[in-house]
Structures are given as structure tokens and as C-alpha cells.
Amino acid sequence: MTTNYEPTIGLEIHAELKTKTKMFCCSKNDADATDPNVNICPVCMAHPGTLPVINGEAVRLVLRVGLALGADLADYTEFDRKNYFYPDLPKGYQLSQYEYPLVSGGVLNDVAITRVHLEEDTASSMHAEGVGTTIDYNRAGVPLMELVTEPVIKSSKQAGDFARELQLLLRTLGASDANMEKGQMRVEANVSIAPKATPSSAKESPFGTKVEIKNLNSFRAMERAVEYEIKRQEAVLEKGEPVVQETRGWDEGKQATFPQRVKEGDADYRYFPDPDLPSLKLSEVAELSKESLRVNMPELPWERRDRYLALGVKGDDAQLYVQEPILGGFFEEVIALARADKERVVVASNYIANDLVKLIRDVEERDTGYQSKIGISAQNFIKIIDMVAGKKISSRTAKDLLVETTKSGRDPEEVAKSGNLYQVSAGVDFEAVVTDVISENSAVVDDFKAGKAAALEHLVGQCMKALKGAGNPVVLRELIRKKIA
């Protein structure tokens with residue numbers, strides 16, 4: 001579908017940080033708490049006379065994220081009061097950062113980043129019919145990282161890819177579990193459209209009127225909401241009407257955005273430096289220096305992905321190992337046992353990504369991720385791979401052996417030996433099977449003589465079936481050709 005408009009998308013992403021306590025007090029930071037209002041104290045409830053204290057671990061985690069993004073880390077920073085009134089905000093203001101964020105710039109997944117800063121989360125509002133709205137303050141004051149991108153994203157897919165990569169980075173760094181279902185990571189999309197640039201419009205603003213979309217609780221919801229909003233704004237402009245700058249929600253049931261309120265500007269929040277918190281000169285804090293932040297920095301997702309690709313692993317498989325820690329850890333063990341031999345690693349990856357993943361899903365009876373224990377050790381798995389690479393067993397036999405070994409935990413070499421599963425390349429019995437198959441499939445033999453290549457594979461398959469998978473298909477093909485000729 002062609003269009004005369006070009007979309008511009010910017011993302012604002014909040015992630016709850018994985019610290020033991022809240023941002024400005026000693027109350028427990030527990031995303032799994034089920035009882036309401038148990039992790040609270042006078043500080044996070046804004047009782048008179050209380051004073052906040054900065055959580056140093058939260059500062060360190062955000063700076064580590066900035067380091068991974070290749071961004072500029074602040075030397076000077078301070079916290080500001082963002083003033084607005086809502087029941088989930090006990091103070092009547094939110095402690096955030098405005099003029100001096102911890103992190104500026106940086107790039108992730110080819111998307112430029114404006115800033116990353118720290119603030120405190122709000123309480124949780126729960127709406128129930130017949131009950132009204134209740135507030136759970138367990139979340140109030142939890143350390144919250146906010147990342148803002150430049151308005152450079154051009155499609156819903158690019159937006160989704162960026163958000164997924166950020167989630168992966170946060171988990172890799174141990175900064176956040178970033179579970180969207182639990183609200184540990186929340187994505188808001190700013191969407192605008194404008195007529196496509198022409199030579200005559202080069203001096204005009206490339207941006208249209210920005211609309212912010214909230215209530216996006218999954219990556220797919222975000223992508224659908226952005227797609228819908230682009231089409232909605234196009235329809236508004238085509239009618240000759242202006243797009244209203246506002247905040248809109250996403251209705252999953254209707255698959256549509258809906259208006260919530262007119263969008264506030266920065267001036268509406270009346271930011272000013274918080275008088276109860278000290279400003280920070282980060283260069284004076286040894287544990288927050290770049291050198292200290294780099295200590296124990298893990299291999300980053302894109303670095304790990306590139307390493308897998310360099311070994312010859314398929315792109316989708318490399319992404320799978322980066323995204324799924326249990327599978328990725330298993331693959332790392334296999335790589336070590338294979339001594340990073342590319343041929344063995346590629347064969348191993350194919351069996352993990354196709355056969356082992358299917359076995360795990362079948363055991364769980366549904367695709368719930370890879371949280372169950374992998375039923376085979378890396379040592380036994382690499383034995384199967386070596387048997388395949390050494391042409392001791394066929395690919396079909398390897399699949400069956402993987403199933404059996406995963407279920408029983410037995411040594412695959414013992415299973416292959418006791419079950420006579422090793423490939424046979426010669427011998428009286430071997431040739432006798434080939435002769436019998438040819439005589440029993442005269443019509444297929446005629447098809448092969450007529451030039452049908454698939455006929456040969458059918459004959460090979462019949463031989464393999466008779467040999468219970470123990471035949472060497474390469475040798476079988478040659479022997480069948482010689483006997484038919």
C-alpha cells in the first residue's frame with residue numbers, strides 16, 4: 001500500500017531496576033509481592049518530616065547501561081521534582097531527572113538515544129467494577145530507569161526490534177528482569193506523520209503532530225498500536241483535519257487507540273531541583289568510574305550474536321541462543337566441547353535449534369519458553385554430533401538417538417552399539433538388502449532410468465528402512481547406481 005506520508009516514531013521505555021531496596025528508602029523492592037501495601041515506609045509514603053536517600057546501586061546500574069550503549073556518562077547530576085497530582089503519587093510530585101540525566105546519547109540497534117535517567121516509580125492503581133479504584137503502594141518509589149530515543153524510528157517493526165534488544169541488554173547486565181507482563185518494562189510510543197519530503201518542502205519541518213500511546217503491555221501490542229495510529233493519523237489528515245496532540249491508550253480487544261487526555265508539556269510539570277537530595281559529582285565516586293563499571297561487564301547481546309555468526313551459525317539460531325539463557329548456556333558448553341570447530345558447531349546448532357527445542361516443547365506440552373531442564377548433558381550431546389560428523393550414524397539415526405538419550409539419560413554410544421545403529425558401508429548383508437530393494441521396486445528403478453532423480457532417493461530410503469537406519473546413504477546411492485547400470 002502506497003502512502004503520501006512518512007511516519008516518525010520515538011520511544012519512551014521505563015524499566016524497573018533489580019535492586020534490593022527502593023530508590024530513596026529501605027523498603028523492599030519486590031516485584032513478586034502479592035499482598036498489597038506491605039513494602040512501604042514513611043519515606044515512600046511521603047509522611048511529613050521524612051528525607052529521601054539516593055540508592056547508589058540504582059545509579060550504578062543505569063551507568064552500566066549507558067556504558068553498554070556507548071553513551072556519554074554524566075559527571076554532574078541531580079534529581080528534580082516533577083509536579084503533578086494523581087492518587088498513585090503520594091508526594092504530589094515524582095522524583096526524577098530533568099536537566100542533568102545520568103546518560104546522554106548512545107546507540108542501540110542502529111537507533112540513536114537521547115537520554116537515560118533515573119526516577120521513582122508510582123504506586124499501582126487497580127480498577128474493579130463495583131469496588132472502584134484501590135491503590136497498592138508496594139511499587140511506589142521503586143527505582144525506574146527511563147530511556148528516550150531520538151525520533152528516528154520509521155516503522156513499527158523497527159520499534160519492536162529496538163525494544164526487544166533493550167530488554168535483552170537489561171537482562172544481560174542484570175539491571176532488570178524487564179518482564180512486560182509484570183509491568184517491569186513499559187513502552188510508550190510517540191507517533192507522528194508528515195507528508196513525504198519533496199524539493200519544494202525541504203525547508204519545512206519533517207515532523208507532524210506527536211501523539212503518545214500508553215497502555216502497551218507487550219511488544220506485539222506496541223507494534224499493532226503504532227501501525228493503527230499511523231493509519232488513523234493518515235485518515236485524519238486526508239479529511240483536511242488537524243491531528244490533536246494528546247495521549248491515547250491502546251484497547252487490545254478493539255485493536256485500536258483511544259483518546260485519554262491532552263498531552264502535557266514540560267512546563268506543566270514545573271520541574272525544579274529537589275532540595276532534600278544532594279547533587280552528585282560522579283567523578284568523585286570511585287565505584288562509579290568507567291573503569292569500575294567495566295569490571296565484570298558481560299559479553300553484550302550483539303557481541304555474542306556476532307561470535308555465533310562468525311562460527312557459521314544461522315542468524316535465527318544465533319538470536320535464539322542470545323534470547324534464551326538456558327539454551328544459550330547449553331550451546332556454550334557444546335561449543336567448548338567442540339573446541340569451536342566450525343563444522344561441528346554448525347551441525348550441533350542445527351540439532352539444538354530444530355530437534356532439541358522440539359523435544360523440550362513436547363515435554364512441556366506447550367511452548368512456555370525453555371525454563372525446564374534440558375534432558376541431555378552437553379557431553380552426551382556432542383557424542384551424537386561427533387557420530388554424525390564422523391558418518392558413523394545417519395541423520396535419521398541421530399534424531400532417534402537424541403530422543404532416546406534425552407529420555408533415558410544413557411550414553412549415546414552405548415545405545416548406538418547395543419541397538420546396532422552404527423552405519424554399515426559394506427558386507428554381504430548390506431549388498432543383499434540393496435539387491436532385494438531393487439528387485440522389489442522395479443517401477444521405481446524404471447523411473448530412475450528415465451531420469452527421475454527422486455526415484456533414487458526413494459530406493460535409498462527403502463534400503464535405510466530395511467537396515468533400520470544403519471546404512472550409509474552415500475555408499476547406498478553409489479551401490480544402487482552400479483547395480484542398476
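Show the residue pairs meeting these rules: Cβ distance below 6 Å; 6+ apart or different chains; first residue within region 394-422 and of a type in the set (Phe, Trp, Tyr); second residue assigned to a helix (DSSP H, G or I) and crowded, with 23+ Cβ neighbours inside 10 Å.
Matching pairs, first to second residue: Tyr422/Ala416.
Conditions first: (1) among the aliphatic types (A, V, I, L, M); (2) assigned to a helix (DSSP H, G or I); (3) touching a Ser or Thr at 6+ places or on another chain (Cβ under 7 Å); (4) more than 20 Å from Met180 (Cα to Cα). Ala58 passes all but one, so which condition is the exception?
(4)
Please enumerate the residues belonging to region 1-48 that are surrounded by fewer than 15 Cβ atoms within 10 Å (Cβ to Cβ), at pLDDT below 95 and in contact with a strand residue (DSSP E or B) (Cβ under 8 Å, 6 or more places away or on another chain).
Passing the criteria: only Asn4.
Looking at (1) at pLDDT below 85; (2) under 42 Å from the mean Cα position of the chain (by Cα), find the lone condition where Ala416 falls short.
Going through (1) at pLDDT below 85; (2) under 42 Å from the mean Cα position of the chain (by Cα) one by one, Ala416 breaks only (1).
Scan Gly92, Gly56 and give me the residue that is more than 26 Å from Val285 (Cβ to Cβ) and of a type outside the set (Phe, Trp, Tyr). Please lay out each step first, then the result.
Details: Gly56 fails: more than 26 Å from Val285 (Cβ to Cβ).
Going through Gly92, Gly56 in turn, just one is more than 26 Å from Val285 (Cβ to Cβ) and of a type outside the set (Phe, Trp, Tyr): Gly92.
Does region 161-174 hold any residues that are crowded, with 23+ Cβ neighbours inside 10 Å and either among the small types (Gly, Ala, Ser) or touching a Cys at 6+ places or on another chain (Cβ under 7 Å) (or both), and which are they?
Ala163, the sole residue that qualifies.
Give me a count of the residues in region 220-243 that are in contact (Cβ under 8 Å) with a residue 24 or more places away in the chain and out of contact with any Asp or Glu (no Cβ under 8 Å at 6 or more places or on another chain).
At the first step, the residues of region 220-243 found to be in contact (Cβ under 8 Å) with a residue 24 or more places away in the chain are 220-230, 232-234, 237, 242-243.
Of the ones still in play, those that are also out of contact with any Asp or Glu (no Cβ under 8 Å at 6 or more places or on another chain) are 220, 222-230, 232-234, 237, 242-243.
Adding up the residues that qualify gives 16.
Return a yes/no flag: does region 295-305 have any residue that is over 23 Å from the mean Cα position of the chain (by Cα), of a type in the set (Lys, Arg), over 21 Å from Asp400 (Cα atoms) and not assigned by TED's automatic domain parsing to the domain that holds Leu169. Steps first, please.
Here is the first cut: in region 295-305, the residues over 23 Å from the mean Cα position of the chain (by Cα) are 295.
Of the ones still in play, those that are also of a type in the set (Lys, Arg) are none.
No.
In the list Ala140, Ala163, which residue meets the criterion of being farther than 30 Å from Glu234 by Cα, assigned by TED's automatic domain parsing to the domain that holds Cys41 and among the small types (Gly, Ala, Ser)? It would help to see each step written out before you state the result.
Details: Ala163 fails: farther than 30 Å from Glu234 by Cα.
On inspection, the qualifying residue turns out to be Ala140.
Tell me yes or no: at least one residue of region 168-185 is in the same structural domain as Gly105 (by TED's automatic domain parsing), among the hydroxyl-bearing types (Ser, Thr, Tyr) and in a strand (DSSP E or B). Reasoning before the result, please.
Our first condition is that a residue be in the same structural domain as Gly105 (by TED's automatic domain parsing); within region 168-185, this holds for 168-185.
Checking which are among the hydroxyl-bearing types (Ser, Thr, Tyr) leaves us with 172, 176.
Next cut, in a strand (DSSP E or B) only: none.
Looking through region 168-185, none of the residues is in the same structural domain as Gly105 (by TED's automatic domain parsing), among the hydroxyl-bearing types (Ser, Thr, Tyr) and in a strand (DSSP E or B).
Among what's in region 115-128 and is hydroxyl-bearing (Ser, Thr, Tyr) and either surrounded by fewer than 19 Cβ atoms within 10 Å (Cβ to Cβ) or in contact with a His (Cβ under 7 Å, 6 or more places away or on another chain) (or both), pick the residue that is nearest to Ala58 (Cα to Cα). Talk me through it step by step, then tell me what you get.
Pass one, region 115-128, residues hydroxyl-bearing (Ser, Thr, Tyr): 122, 124-125.
Subsequent filtering for residues that are either surrounded by fewer than 19 Cβ atoms within 10 Å (Cβ to Cβ) or in contact with a His (Cβ under 7 Å, 6 or more places away or on another chain) (or both) retains 124-125.
Working: Ser124: 21, Ser125: 24 Å.
Within region 115-128, the match that is nearest to Ala58 (Cα to Cα) is Ser124.
Does region 57-68 contain any residue that is farther than 29 Å from Glu150 by Cβ, surrounded by 16 or more Cβ atoms within 10 Å (Cβ to Cβ) and under 24 Å from the mean Cα position of the chain (by Cα)?
Restricting attention to region 57-68, the residues satisfying the condition of being farther than 29 Å from Glu150 by Cβ are none.
No.
Scan region 109-129 and report the pairs whose first residue is part of a strand (DSSP E or B) and whose second residue is loosely packed, with under 12 Cβ neighbours inside 10 Å, with Cβ atoms within less than 8 Å and a gap of 6+ or a chain change.
Ser125/Pro87; Ser125/Thr133; Met126/Thr133; His127/Thr133
Exactly one of these conditions fails for Tyr269: (1) without any contact (Cβ under 8 Å) to a residue 60 or more places away in the chain; (2) surrounded by 15 or more Cβ atoms within 10 Å (Cβ to Cβ). Give me its number.
(1)
Taking the criterion of being buried (at least 17 other Cβ atoms within 10 Å of the Cβ), at pLDDT 95 or above, touching a Cys at 6+ places or on another chain (Cβ under 6 Å) and more than 30 Å from Pro301 (Cβ to Cβ), would at least one residue in region 92-100 satisfy it?
no
Do you know which residues across region 439-485 are in a helix (DSSP H, G or I), surrounded by 13 or more Cβ atoms within 10 Å (Cβ to Cβ) and basic (Lys, Arg)?
Lys465, Arg477, Lys483
Looking at region 115-126, can you tell me whether even one residue there is in the same structural domain as Asn29 (by TED's automatic domain parsing), under 22 Å from the mean Cα position of the chain (by Cα) and either farther than 29 Å from Ile40 by Cβ or at pLDDT below 95 (or both)?
yes
Keeping to region 235-260, report how many residues are within 16 Å of Phe207 (Cα to Cα) and surrounded by 11 or more Cβ atoms within 10 Å (Cβ to Cβ).
Number of matching residues: 6.
The values are calculated or read from the model by the stated rules, or taken from the named source; none is laboratory data. In this text the structure is predicted, and so the values were computed from the model without any measurement. In this analysis, Cβ positions are derived from the backbone assuming ideal geometry, glycine residues included, and neighbour counts consider all displayed protein chains.
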